Amino acid sequence: MSDILDLTAKQAADAVATGDLDPKDLYEAYRAASAADDLNAYVWVADAAPADGDASGELGGVPLAVKDLFCTEGAPSQAGSKILEDYRPPYTATVVRKLAQAGAPLLGKTNQDEFAMGSSNENSAYGPVLNPWDRTRVPGGSSGGSAAAVAAGYAPWALGTDTGGSIRQPAALCGIVGLKPTYGTVSRYGMIAFASSLDQAGPLTRDVTDSALLYRHMVGRDGRDSTSLEHPEEIVLPSATRLDGITLGVPAELSGEGVEDGVMARFEETLKLAESLGATIRRVPLPHADYGLSAYYVIAPAEASSNLARFDGVRYGARVDADDLLSMYTRTRHDGFGPEVKRRIMLGTYALSSGYYDAYYGRAQRVRTKIAEDFDNAFADVDFVVTPTSPSVAFELGAKTDDPLAMYLNDYFTVPMPLAGIPAISIPNGLSEDLPTGFQLAGPAFSENRIFEAAYALEQAIGFDGSKGRVAA
Amino acid sequence: MSAVEYEPVIGLEIHVQLSTRTKMFCGCALSFGEPPNTRTCPVCLGLPGTLPVANAEAIHYGLMIGMALGCDLAPRSIFHRKNYFYPDLPKGYQISQYDEPLCRGGRLGDVRIHRVHLEEDAAKLVHVGASGRLHASDASIVDFNRGGTPLAEIVTEPDVRSAEQASEWLKLLRTTLRQLGVSDVNMEEGSLRCDANISVRPVGTKELGTKTELKNMNSFRFIERGIKAEVERQIGILRDGGQVVQETLHYDPTTGAITSLRSKEEAHDYRYFPEPDLTPVSITQAMLDRAREALPELPAAREARFKDELGLNGESARLLAWRAELGDYFESALSSNGVEAQPLANWVTNELVQRLGGDADPAESKVEPSALAKLVALVGERKVTQGAAKQVLDKLVAEGGDPQAIVEAEGLGAVGGADELAPVVAAALEANPDIAERLRGGDMKPIGVIVGHVMRETKGRADGGEVTRLVREQLGL
């Protein structure tokens with residue numbers, strides 16, 4: 001069945017539509033591949049195709065891997081945490097339900113950093129995920145399982161979530177495409193929350209076309225999510241081969257310092273490639289982007305400290321019994337949460353404390369406004385802001401686990417966009433040291449169609465070969 | 001050495017359960033004693049991944065309350081998260097409003113309003129075991145039916161100066177809310193709950209003393225008693241040279257005991273921050289118009305109408321307007337023909353209330369409004385005397401029925417007109433010759449003796465004025 005696994009999702013859906021491929025065979029091929037997962041990318045795989053899957057939808061019965069933190073009725077939804085071990089929700093997340101209705105049935109749940117807190121997938125209570133390009137290395141995170149599954153060919157496509165880079169960074173490190181959409185365009189209902197004002201679901205796919213195809217069926221206002229809204233444009237599949245008239249803005253502050261040489265070299269080559277396709281390259285100032293990481297690591301933990309309060313052992317998930325209520329709370333949370341989650345709960349609790357709120361949370365929110373203004377100003381001059389997605393290629397397992405600050409620096413290029421609520425995509429950008437690098441394009445709110453077009457033109461020109469990572473094929 | 005006199009300074013915080021169809025942030029129907037945990041859904045159980053959606057009807061009710069209390073309505077208000085751990089709080093935070101509430105300022109009667117905001121109610125904890133409190137109970141069970149019920153929290157300025165004023169003002173507030181139709185306002189069932197912030201200070205000083213917060217007073221009587229007890233406790237401490245400690249207190253209505261729930265040091269740091277799962281509440285003109293149109297006549301306006309249009313005196317107008325059930329009964333009775341407003345008002349607020357008891361709703365008594373109106377009319381037409389009418393009312397309260405029929409059956413009709421009454425008056429003068437002599441001499445003081453004699457003879461059915469007239473006539477005065 002290896003030829004089935006070689007198809008992109010769009011190719012598979014087309015083959016189903018023309019009758020050349022039986023969706024049952026398609027599902028079964030991926031079910032077998034994911035059941036044989038040797039990267040720890042999956043935490044749960046379906047026994048059989050769900051009966052309510054509709055292969056007549058545009059998504060053609062192409063199965064979908066879903067990050068663990070999306071609630072899926074009756075199937076484990078553990079958010080990578082021990083505190084939710086074998087938690088099976090009574091309902092399904094809106095976006096998963098929508099995609100199933102459009103013809104993408106649930107294939108399995110993918111591993112992730114606990115509550116999406118991490119950039120290496122080493123913070124999962126269910127063990128680290130291995131990078132299919134090099135099993136001694138991390139796949140990135142927090143959507144590491146989704147990225148590795150797609151890169152390895154264990155899934156045709158996958159859902160992830162991005163809060164500070166959790167889709168784009170693992171996509172870059174695994175040599176696939178990852179989109180962080182405009183905040184609000186995809187319902188968050190049923191996503192186990194990390195940082196509510198930043199979290200956004202998005203597709204991880206083998207190419208830009210699949211990204212657009214999946215995203216097209218994810219968008220839409222949901223009555224169950226007050227912060228969701230209707231995308232003003234219908235999402236269309238991209239076809240551009242040129243970038244004439246397009247201006248790409250490189251942050252004036254990007255000097256290459258702190259970025260691996262190979263990553264920077266690939267980035268600069270792609271800028272030249274873009275020029276050869278007709279694009280203009282310009283430097284744009286993003287003076288507050290440097291503060292993005294600091295603001296992010298106040299806002300996200302602050303919201304997380306509140307979002308994770310519900311895991312108290314009273315109603316669901318793990319409980320450690322004790323003689324009194326306070327001990328039950330503390331023991332449950334002591335045993336249930338991993339060290340990174342505890343660190344962020346502590347950070348966030350502190351940042352919101354009376355007397356510190358203005359100095360931390362209040363100030364971080366003002367930085368956030370400044371960053372959004374920076375982008376507004378930039379988009380007055382350029383169509384997209386472009387950066388390397390991650391300053392490095394995939395690093396070795398354990399290399400940064402003892403140094404949270406070094407780990408946080410992975411998010412340097414990806415954090416400003418969620419702070420501003422704007423969309424950004426990471427596309428494979430050639431190899432450095434035989435490992436994938438990523439090229440990031442960010443655009444104004446609701447510019448996904450234009451992002452897909454530009455990313456598609458670049459993707460064709462770059463001609464990245466992802467087959468080396470596809471161990472399943 | 002003269003003792004320092006202290007005055008209480010009291011502010012009230014009232015939680016009102018709104019009688020919307022569904023909960024504040026989910027689609028669950030509100031619960032009225034259904035089996036535990038049958039009015040729940042993933043959202044109000046705080047299941048992972050769920051999100052709140054604000055109830056538009058609750059915002060509408062909030063605007064109505066704000067208008068009724070004369071508040072400034074915020075064009076934009078936001079919800080905050082109030083973070084603390086407790087088993088009745090499934091998300092680990094309560095969604096409430098903090099520094100940008102729906103309504104600010106305002107006044108009801110003699111008390112200024114500080115703010116009104118919207119929030120969600122907690123679930124209900126049932127503590128199993130001897131203590132009945134969380135501490136030292138054998139087990140605690142959570143019923144999430146109540147969790148997420150919409151609440152309006154009304155906070156007053158510290159304008160209340162006595163326990164009696166607190167209770168009287170709360171009755172006005174309850175009436176206002178009942179008139180609005182936004183809540184069942186039933187204290188025993190918890191749809192109206194009151195906490196009081198209490199401090200005392202030497203009379204004549206402006207500076208506020210250290211306050212305590214008294215919780216859990218679920219009836220007007222308990223509010224009055226609880227506040228009284230706390231004021232006395234604080235004055236006692238100060239008289240003994242001590243200092244009041246800022247703390248949250250629990251009033252036990254069965255024992256009257258006041259116990260500390262937590263001190264200032266133990267107070268929660270709620271770590272308020274704007275609720276990122278909800279967008280700001282933006283009030284449109286259409287929402288304001290709709291709320292304004294929904295406003296019924298409120299007590300203050302009704303009081304003015306009773307005075308201006310019906311000519312009631314101030315005391316009657318206020319009482320009938322502030323106690324809506326009395327006002328409703330009064331207006332229903334007034335629609336009967338031939339009855340005058342002020343005497344009817346007096347009969348409702350004095351005789352009827354006295355007979356039915358404090359807080360009773362006359363609509364639930366056996367006295368039909370039209371029956372009372374007829375009785376008052378009979379008095380007005382001098383067909384029944386005041387005294388006889390009170391006997392008729394006793395009968396109406398006990399058994400109901402038609403006042404005219406009771407008058408006839410019991411022979412309580414006024415002994416009216418000279419024909420019937422003149423012989424009785426003559427007999428009375430004859431029986432009291434020395435009194436008659438003094439009256440003849442122009443000393444009218446002892447006329448009461450003659451009137452009393454006639455009343456005794458007629459079993460109170462004679463008209464006092466008519467008796468006096470006949471006495472003068474017969475004595476040629």
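Laboratory data are not the source of any read-out in this text; all were calculated from the coordinates shown. Just so it is clear, the structure is predicted and the values come from calculations on it, not from any experiment. Here Cβ is always computed from backbone atoms with ideal geometry, including for glycine, and neighbour counts include all displayed protein chains.
Quick notes on this structure:
- The angle between the Cα long axis of helix B:324-334 and the longest principal axis of the Cα atoms of chain B comes to about 40 degrees, rounded to the nearest 10.
- Cβ crowding within 10 Å, taken as a proxy for footprinting-reagent exposure, orders B:159, B:72, A:402 from fewest neighbours to most as A:402, B:72, B:159.
- Net charge over other residues, Cβ less than 13 angstrom from the Cβ of residue B:336 (K, R count +1; D, E count -1): -3
- Applying 1/(1 + (r/R0)^6) with R0 = 41 Å to the Cβ-Cβ distance of residue B:269 and residue A:268 gives a FRET efficiency near 0.25.
- Equivalent-ellipsoid semi-axes of segment A:321-456, from the Cα gyration tensor, Å, largest first: 35, 23, 13
- Relative contact order of chain A, defined on C-alpha pairs under 8 angstrom at six or more residues apart (%): 18 percent
- Per-peptide average of other Cβ atoms within 10 Å, ordering B:118-124, A:126-132 highest first: A:126-132, B:118-124
- Average other protein chain Cβ within 10 Å of Cβ, residues A:319-325: 1
- When both segment A:128-154 and segment B:82-113 are represented by their alpha-carbon centers, they are found 46 Å apart.
- Distance from the alpha carbon centroid of segment A:407-473 to that of segment A:20-89 works out to 25 angstrom.
- Nearest-ten-degree value, helix B:220-239 long axis tilted from longest Cα axis of chain B: 70 degrees
- Our note on the geometry: Cα centres of segment A:257-278 and segment B:341-394, 95 Å apart.
- Chain lengthening between residue B:139 and residue B:248 when straightened (0.36 nm per residue, less Cα-Cα): 36.8 nm
- Summing charges over neighbours of residue B:210, with a neighbour being any other residue whose Cβ is under 13 Å away from its Cβ, gives 0 when K and R count +1 and D and E count -1.
- Relative contact order for segment B:299-410, counting Cα pairs under 8 Å that sit 6 or more residues apart, in percent: 22 percent
- Taking 20 Å as the limit for the C-alpha separation, the pairs B:215/B:264; A:400/A:468; B:206/B:264 exceed it in the case of A:400/A:468; B:206/B:264.
- Local electrostatic count, residue B:427, Cβ distance below 13 Å [Lys/Arg +1, Asp/Glu -1]: -2
- Normalised by the number of residues in chain B, the average gap of Cα pairs under 8 Å and 6 or more apart makes the relative contact order 13 percent.
- Amide H contacts under 5 Å for residue A:42: A:111, restricted to partners 5 or more places along the chain or on a different chain, H placed in the peptide plane at 1.01 Å from N.
- Relative to the longest principal axis of the Cα atoms of chain B, the long axis of helix B:464-474 lies at roughly 20 degrees.
- Potential lengthening of the chain between residue B:4 and residue B:309 amounts to 105.1 nm, from the contour at 0.36 nm per residue minus the alpha-carbon distance.
- Shown here is the pair-distance distribution of segment B:318-477: with all Cα-Cα distances grouped in 5 Å bins from zero up to the longest one, the shares run 2, 9, 18, 17, 14, 11, 10, 9, 6, 4, 1 percent.
- At R0 = 25 Å, FRET efficiency that the Cβ-Cβ distance of residue B:430 and residue B:459 yields, to 0.05: 0.80
- Using a Förster distance of 56 Å, the FRET efficiency for residue B:99-residue B:438 (Cβ separation, nearest 0.05): 0.10
- Cα convex hull, segment B:299-410: 88 Å³ per residue, rounded to a whole number.
- Loop sites in segment A:75-180: trypsin sites (Lys or Arg not before Pro), DSSP, at most 16 other Cβ within 10 Å: A:135
- Ratio of Rg to Rh over segment A:290-365 (Cα coordinates, Kirkwood Rh, two decimals): 1.07
- Each residue in A:260, B:331 was given a count of other beta-carbon atoms within 10 angstrom of its own, and listing them fewest first yields B:331, A:260.
- Long-range tail of P(r) for segment B:418-475 (Cα pairs > 13 Å, %): 51 percent
- Quotient of the Cα radius of gyration of chain A and 2.2 N^0.38 Å, N being its number of residues: 0.91.
- If the chain linking residue A:236 and residue A:261 were pulled fully straight, counting 0.36 nm for each residue of separation and taking away their Cα-Cα distance, it would gain 5.4 nm.
- Relative compactness, the protein assembly as shown, computed as alpha-carbon Rg over 2.2 N^0.38 Å: 1.29
- 3J(HN,Hα) from dihedral phi, segment A:286-296, Karplus parametrisation 6.51/-1.76/1.60, rounded to Hz, x for glycine, proline: 10, x, 9, 4, 4, 8, x, 4, 5, 4, 4
- Between residue B:350 and residue B:215, the simple spin-label model (points 7 angstrom out along Cα→Cβ) gives 4.6 nm.
- Computed log₁₀ I(q)/I(0) - Debye formula, equal Cα scatterers, no solvent, segment B:1-103, q 0.13, 0.18 Å⁻¹: -0.62, -1.05
- What the phi angles of segment A:453-461 give under the Karplus curve with 6.51, -1.76 and 1.60, with θ = phi - 60°, is a coupling list of 4, 5, 5, 5, 4, 5, 4, 4, 6 Hz, glycine and proline written as x.
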